[in-house]
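First up is the structure itself, then whatever we jot down about it.
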Amino acid sequence: MATKRTTKPPESPAPAEPSVCSPCDGSGLVAATVRVGRKRRPVGQQDGLCLNCLGSGTNPDA
């Protein structure tokens, strides 16, 4: 005769929260300098895609 199990099997741990990307602070965007003219003078900044996380905002290394 088979014995009955009295204990529950262990539950799997909850998935860990992904860490925030440090260059963009989780927004997915970074400031990119806009340069114009022959001397390549900086005139302002615009938003650019974060190349570390590719816009997801999470750290790809963790």
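The packing ranking, built from the mean of other Cβ atoms within 10 Å per residue, places the peptides 8-14, 24-30 in the order 24-30, 8-14, highest first.
In the neighborhood of Pro18, defined by Cβ-to-Cβ distances under 15 Å, what is the net charge if each Lys or Arg adds +1 and each Asp or Glu adds -1? If you can, show how the numbers build up before the last one.
Values: positive: none; negative: Glu17, Asp25, Asp61.
Net of charged neighbours comes to -3.
With the simple model of a label 7 Å out from the Cα in the direction of the Cβ, Ala32 to Asn52 spans 1.8 nm. Surface composition of the chain: carbon plus sulfur atoms contribute 53% of the solvent-accessible area (1.4 Å probe, protein chains only, all chains present). Applying both filters, DSSP loop and at most 11 other Cβ atoms within 10 Å, to the trypsin sites (Lys or Arg not before Pro) of the chain gives Lys4, Arg5, Arg38, Lys39, Arg40. Close amide H contacts of Thr58 (hydrogens built in the peptide plane, cut-off under 5 Å, sequence separation of 5 or more or a different chain): Cys21.
The values are calculated or read from the model by the stated rules, or taken from the named source; none is laboratory data. Because the structure is predicted, anything quoted here is derived from the model rather than measured. A quick note on method: Cβ atoms are made from the backbone with ideal geometry, for glycine too, and the neighbour counts reach across all protein chains shown. All accessible areas refer to the heavy atoms of the entire protein, side chains included, with ligands and DNA or RNA removed. Shrake-Rupley method; radii C 1.70, N 1.55, O 1.52, S 1.80 Å.
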